[in-house]
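None of the figures in this text is laboratory data; all of them are computed from the coordinates on show. It should be emphasised that the depicted structure is a prediction, and the values quoted were computed from it without experimental measurement. Using ideal geometry, Cβ is built from the backbone for each residue, glycine included, and neighbour counts are taken over all protein chains shown.
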Amino acid sequence: MSRDSGPTTTVSFGVLGTLELQVAGRPATPLAPAVRALLARLVVAAGRVVSADALIDALWADQPPTDATNALQLRVSKLRRALATAGASGDLLVTRAPGYQLAVAPDAVDAYRFERLLDRARGASAGDGPAAALACFDEALRLWRGPALADVGEAGWALAEAARLEELRLGAVEDRLELLLEAGRQAEAVADLERLVVAHPLRERLHRLLMLALYRGGRQADAITAYHALRHRLADELGIDPAPELQALAESILRQQVPAPAPAQRTATPATPLAAAPARSAPPPGPRGPERAEVPRRLSSVLGRQDDVQRVLDRLREARVVTLTGPGGVGKTTLALEVVRHVDDALADRVHLVRLAALGGGTDLPEAVADQLGVAAAGPGPAATAALVAWLGADRALLVVDNCEHVIDEAAELVEGLVAACPALTVLTTSREALAVPGETQLAVAPLGVPEGPAGLARLGESPAVALFVDRARAVRPGFILDEATAPVVADICRQLDGMPLAIELAAARVKALPPVEIAARLQDRFALLTAGARTSEARHRTLRATLDWSHDLLSEAERRLLRRLAAFRGGWDLAAAEQVCAFDGLARDDVLDLLFRLVDRSLVVPDPTTGRFRLLVTIREYAAARLGEAGETGAARDRHLTYFTELAERYGPHVRSDADAWARMTEEHDNFRAAVDHCLDSGDGVEAGLRLADALFLFWNYGPRHEGVRALTALLATGDAAPAARAAALQRIGQLGVYYPTAQTRAAARESLAEFERLGDTANIATSRLVVAWEGQYDGDADEYRALVAQARRERGDTDDPWWHRMVCYVEALLDLRTGAFARSAEQWTRSLEWTRQAGDRLLPAGILAHLGIALREAGRPDEAIATLEEAAAEARRNPSPHALAFTLVQLAHTRLDRGEVAGVPAMLAEAADTARRSGNPRCQAWAAWGRARIAYADGDAATAADECRRAVELLEEREFPWARLRLWSLTAEAAGAAGREPDAEAARRSAAALAPAAH
């Protein structure tokens, strides 16, 4: 919150992750790199004045601009505008001698709240015992969203603050794990500790906790193995022995003389190892707190549900009936039982568990519940309900009713009656749909999280889904380890299985006989693979298909029909699409809305209320697709899907350059367009329909996934004969989509399209194809020949007022000038191309043109103009999303800054560019990013890393770059390889540079 004397708008800041600004509870506002470091420096000093000198030092270190004070004022002005745009009050950032102040209270910053909660947790540890302290630690650690100040850059102050916060976080994690061990909950701690010692292999406290957790979990040998692994690592890397406390603990483990955990008065920084604590008798068996005689003992660890447990407990304190909903296998029962183990006296005096899964149809539910609870009933129905009411009485009790979905109406009636008659009763139920009784709170149980995209071993190891897989894999193959080779494969398995705990456990069981990579490959037939459930599990949980059969069999015929037809969609859909695609043969369009909502209620369809879209989890989609095939409806559903999305592409595709909503709509349906193209390829006679769809998708492909367009068009032409004009157009588009990373295939397609249009006598397309052929000459070949092709294309097209044509002619001529080093003339052509582009109303291409203009200005010796132009290009690419333009702009801006000796912020810029380029399939920009990393490493004296990054850049770039740029890369490669002592590599790079030199000049 803001100070009373300052702004009144509710503002909060986050530094425990990327820098985050939230105003009035709205979603976080993205911040431009130009203001991010300044705001971060002010945030970490929230409420205090930071001198101008300190801010200048924070932003520019030992390389301040000539007029640093003026530069700082400009940066402050930008920050004020950014804060105003986000909705923050104008007096949030105030000028106050000798500098500036962010006028907010410290508790508006998540790092301050984290430290305050940490103090409270450690105080609770010393006073109230583990439960209160654990709650505080959990609340504190939930504030972290990633590495502190992750996107601020590598300035010294930021690195120091991030290191300080990370040390506090790690200390909090250690304190929390120590509390778990004191509470006798070592099974929960083991998986976290095993991941942490991998991430921090020399941190002795973590090893001590792991040894204790393993020993107390009955794994004495593993505890000693962990100790010896640390001892060898310390000796190899530091030449020292483990601390005496660790040595003493290892000796105690060998002698089996480690004391049992005891609740102790703990200080903020524990120093005495638990192994040295005075011996005490073991705690009494069974859970503490309320009486829970019916709750089964947990035989395996529960991973990744700590936050969910707390969320359910919070709801149970507020509502009389709480229902955990979710699809089969998501872990509703596991979560409910884990919640029961955390129930304290403040919530209930008694806990009772009733399991309904085994009940068959026609069973009298009140009588069955009374029987399970051991309550004598005078008869079924009302008599049994009355007996339950009398038995529960006025006691504060928690009744857990598990698996209600197949008797949902009877369960709802019973629960409503019991709650109404027993004022102190609270009920926790699990079901695939809510009971819909008065006062009920529904909590959807989500799948376990898996990091998206590339992630390091530490981040993957912290994923709850990956941790669950590893834990269950070790149960069947104790030697299984998560390392650099297995971690990405395990993460891929978990993603393919949607993070569903049951499916992950079934897959992990296959590790006994199959390596993870084989399991991942076989998930295409997951229902045949995942059949290894525990013999003691209920039948519906022994195979993945049985779990889904259970849900499917509870549906009405109309619900089954809609569910299987929804498998035609890929990625998601909206209501209009479902009505158009699924309403046929016995399913009326007017029925789709109600049926769709019923599938949502039954946890088979996942809604997104913010967008109005729906989706199926991948496993459910594959199950539904199998049912669609069994019903003989696959062809009809996919035909209707193709028709709908072709019409949608024709409505929005032509406007993606000028209409932001059209681009957003096409992006939203990208997966469905892929599915529609695949259907054309699978059908064998879908060439005409496929080329019609491709025609509508061309501009979307051209500004986004170009490689996808090349692949789709090539495959469509290979499936059958197309009309000559359609074939020539498809070939021209293959050539155009490949101009930035041409291959032999795309070059041949452009030339073949030119020959085809010449045969057809299509003058306009002859000129366009000739321009595409010339466009491919931006990197190599006879530049004069390509200029002649452009001139000929101009003549063939003649007089035209088409702005697209004029801008592309200027564009190609500017590229040819850039290639041959005519940088001033290239800048003029880029400026003309930009004018034509804006005249045409194109909102996507300006960013790319500005990026190339920035290169021309840089190479012409105008670096200040270049940086300003590239920053404008980056802003344009973010405002009107264009992944290729954003990646290209960022790498060029990074290299331009490196040319000026500016490193601050460049690594983050290169990382964003590389990730964007990877996702959009742009090897050229990935190469420039690797080259930038090589330059930084070489400047830092790390020649080996620089040589490796140069090699990566060369491999990615191949011949797809201007000759003068490739010459510079080869020259750096030679220098780095030579400095790293790799003379053969250096000599090869020198030869390549020498061969390229004539073309580069």
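What ranking do Thr831, Thr66 get, fewest neighbouring Cβ atoms within 10 angstrom at the top? Don't jump to the answer; show the numbers that get you there.
Values: Thr831 15, Thr66 6.
Least to most surrounded, the residues fall as Thr66, Thr831.
The computed mean projected area of the Cα convex hull in nm² for the structure shown corresponds, within [x] 46.3; [y] 43.1; [z] 48.2, to [x]. Axis angle, to the nearest 10 degrees, between helix 244-254 and the longest C-alpha principal axis of the chain: 60 degrees.
Suppose every Lys and Arg Cβ carries +1 and every Asp and Glu Cβ carries -1, with no other charges. What dipole size does the range 834-953 come out with about its Cα centre, to the nearest 20 debye?
In debye, rounded to 20, the range 834-953 gives about 340.
Using the average count of surrounding beta-carbon atoms within 10 Å as a protection proxy, the listed peptides 51-61, 733-743 rank, highest first, as 733-743, 51-61. Please get the size of the charge dipole for the range 947-1001, origin at its Cα centre, with Cβ charges of +1 on Lys and Arg and -1 on Asp and Glu, quoted in debye to the nearest 20. Here the range 947-1001 has a charge dipole of around 140 debye.
Here the contact order of the range 347-408, divided by its residue count and restricted to Cα pairs under 8 Å and six or more residues apart, works out to 51 percent.
The three principal axes of the C-alpha atoms in the range 830-981 carry coordinate ranges of 55, 32, 29 Å, sorted with the longest axis first.
So for the chain, taking the charge dipole from beta-carbon charges (+1 Lys/Arg, -1 Asp/Glu), which of Gly798, Ala150, Ala397 sits furthest toward the positive end? Comparing the listed Cα positions along the dipole, Ala150 ranks first.
Summed over qualifying helices (DSSP H, 4 residues or more, each -39500 (n - 2.57)) and divided by its residue number, the chain shows a 222 nm mean residue ellipticity of -19500 deg cm²/dmol.
Charge dipole (Cα centre; +1 on Lys/Arg Cβ, -1 on Asp/Glu Cβ; no other charges) of the chain amounts to roughly 1100 debye. Of the residues Leu118, Tyr740, Leu818, the one whose Cα sits farthest towards the positive end of the charge dipole of the chain is Leu118 (charges of +1 on Lys and Arg Cβ, -1 on Asp and Glu Cβ, taken about the Cα centre). Projected over every direction and averaged, the convex hull enclosing the alpha-carbon atoms of the range 8-181 yields 10.6 nm². Simple rule: put +1 on each Lys or Arg Cβ and -1 on each Asp or Glu Cβ in the range 8-181, find the dipole, and look at Ser51, Ser77, Leu168; the Cα lying farthest toward the positive end is Ser77. The angle between the Cα long axis of helix 186-199 and the longest principal axis of the Cα atoms of the chain comes to about 30 degrees, rounded to the nearest 10. For the chain, relative contact order (Cα pairs under 8 Å, six or more residues apart, normalised by length) works out to 5 percent.
This ranking places Val517, Val592 by how few other beta-carbon atoms lie within 10 Å of each, fewest first, which gives Val517, Val592. The distance separating the Cα centre of the range 187-217 from that of the range 26-54 comes to 37 Å. In the chain, the longest principal axis of the Cα atoms and the axis of helix 783-797 are about 90 degrees apart. Neighbour counts of C-beta atoms inside 10 Å place His806, His342 in the sequence His342, His806, starting with the fewest. Most simply put, the range 320-444 has about 0% antiparallel DSSP beta bridges, counting only bridges with both residues inside it. For the range 320-444, the relative contact order comes to 41 percent (Cα pairs under 8 Å, sequence separation of at least 6).
For the chain, DSSP calls about 45 percent of its internal beta bridges antiparallel.
Highest mean packing first, where packing is the average number of other Cβ atoms within 10 Å per residue, the peptides 858-867, 696-705 line up as 696-705, 858-867.
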